[in-house]
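The structure under discussion appears below in the form of structure tokens.
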Ligand code: PMP
């Protein structure tokens, strides 16, 4: 019998029949609270009626209108609508299918536009699994081990992950910027550096928000040396953090932003936004692909933007995010094994730590498993896989957050005996 590859690691045993809002229903008829949202994708919830209708209507008209052969209405409409939400000056868009492809597009654009070979990424960052994106990923060796040689020209600087270093945020930030300058002086000359690639909140790396001083430090160095600041908003965009963009929290101007996940409520679609001036510096024909900007995905994305606006999902993410963070902190207060709870909006992570301060992946895994058995789907993340993350759809309501927190409190207490 043919089977799925055993290399696809399953986080839960659930076989889904259908989804509705924040719930998934399995083939035995059980209901699960989905606080994974398909790894931060189903922003409007599962099968939001407005998104379903837009996709169904589009399927009857045109499914694939290959975008370097013909142009189609949903792509043009989406491009216009994104103009309402993109940061000022980022008025030119390229579309692809996955986050990794968007990263690679930004890599091509930055190298071509600057004529420089190197990029700097920040430790704990996740940018994807294709070889270039994996070469830029430092959230865990599991994403790059065994596939070397990786792409050359990638250098890694520290991220201000205060809890990891055991410092306060200011000390961690000063350290990270000082190390970046040291990297410039010792390994990667600024005038050979095309771009910084940074997530506003480390996602796979453990749900660690950056901060305003750190981002200002990057912007200052980018301006001083003609380096592009590429902000990877793949997981943090479209309201996820309680602001439209994750970087909105830090008052920083990006040169390029990368989008995917929450953009199309589950249809594969990603993109890169930059200024027309910057795009014009790269080489004609260097952007393309068979499936990018699929007509159904674009129609779903237009509908997603409408739902985000009409249902005030950005505001909801901020309010429900506060509730979730406070509730998760109350659970952590009752047990010594959760050393840190942090996040922005509806990205909340609880980091499990042993009494001596070492990462406790076993307890994080046990709690995640127990939660799934109790009807709450969660994922782990972090370099040591010792962070349990909560990333519900942006439509989640207060009662559903309370429900998730109740289950969370119960499973943490029963697994840890606290
Ligand atoms: N960047 C970030 C910040 C991500 O979270 C992800 C996916 N987890 C990616 C890039 C890669 O996206 P994809 O899996 O669609 O290639």
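The values are calculated or read from the model by the stated rules, or taken from the named source; none is laboratory data. Source: prediction; values computed, not measured. All Cβ positions, glycine included, derive from the backbone under ideal geometry; neighbour counts span all protein chains shown.
For the reader, a short list of remarks on this structure follows.
- Residue in the stretch 207-225 that is surrounded by the fewest Cβ atoms within 10 Å (Cβ to Cβ), counting only those that are closer than 29 Å to residue 311 by Cα and within 16 Å of the ligand (Cβ to nearest atom): 209
- Scanning the stretch 288-304 for residues that are touching a helix residue (DSSP H, G or I) at 6+ places or on another chain (Cβ under 8 Å) and surrounded by fewer than 18 Cβ atoms within 10 Å (Cβ to Cβ) turns up just one, 289.
- Filter pass, residue 137 being buried (at least 23 other Cβ atoms within 10 Å of the Cβ), within 30 Å of residue 165 (Cα to Cα), within 23 Å of the chain's Cα centre (by Cα) and within 16 Å of the ligand (Cβ to nearest atom): yes
Matching residues to (1) within 15 Å of residue 405 (Cα to Cα); (2) at pLDDT 95 or above; (3) assigned to a loop (DSSP other than H, G, I, E, B):
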| residue | (1), (2), (3) |
| --- | --- |
| 324 | yes, yes, no |
| 332 | yes, yes, no |
| 349 | yes, yes, no |
| 356 | no, no, yes |
| 364 | no, yes, no |
| 368 | yes, yes, no |
| 371 | yes, yes, no |
| 380 | no, yes, no |
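- Identity of the residue in the stretch 226-257, closer than 21 Å to residue 323 by Cα and within 13 Å of the ligand (Cβ to nearest atom), that ends up surrounded by the fewest Cβ atoms within 10 Å (Cβ to Cβ): 245
- A Cβ distance below 6 Å, combined with a sequence gap of six or more or placement on separate chains, defines the contacts here; from the stretch 342-367, residues that are on the phi > 0 side of the Ramachandran plot reach residues that are surrounded by 17 or more Cβ atoms within 10 Å (Cβ to Cβ) and assigned to a strand (DSSP E or B) in the pairs 343/349.
- Residue within the stretch 97-106 that is at pLDDT 95 or above, part of a loop (DSSP other than H, G, I, E, B) and away from the ligand (no atom under 16 Å from the Cβ) present: no
- Consider the stretch 36-73 and keep the residues that are more than 16 Å from the ligand (Cβ to nearest atom) and under 19 Å from the mean Cα position of the chain (by Cα). The one that is surrounded by the most Cβ atoms within 10 Å (Cβ to Cβ) is 44.
- Taking the stretch 1-40 as the range and being touching a helix residue (DSSP H, G or I) at 6+ places or on another chain (Cβ under 8 Å) and either outside any strand (DSSP E or B) or over 19 Å from residue 394 (Cα atoms) (or both) as the test, the residues that pass are 11, 12, 13, 14, 22, 35, 39, 40.
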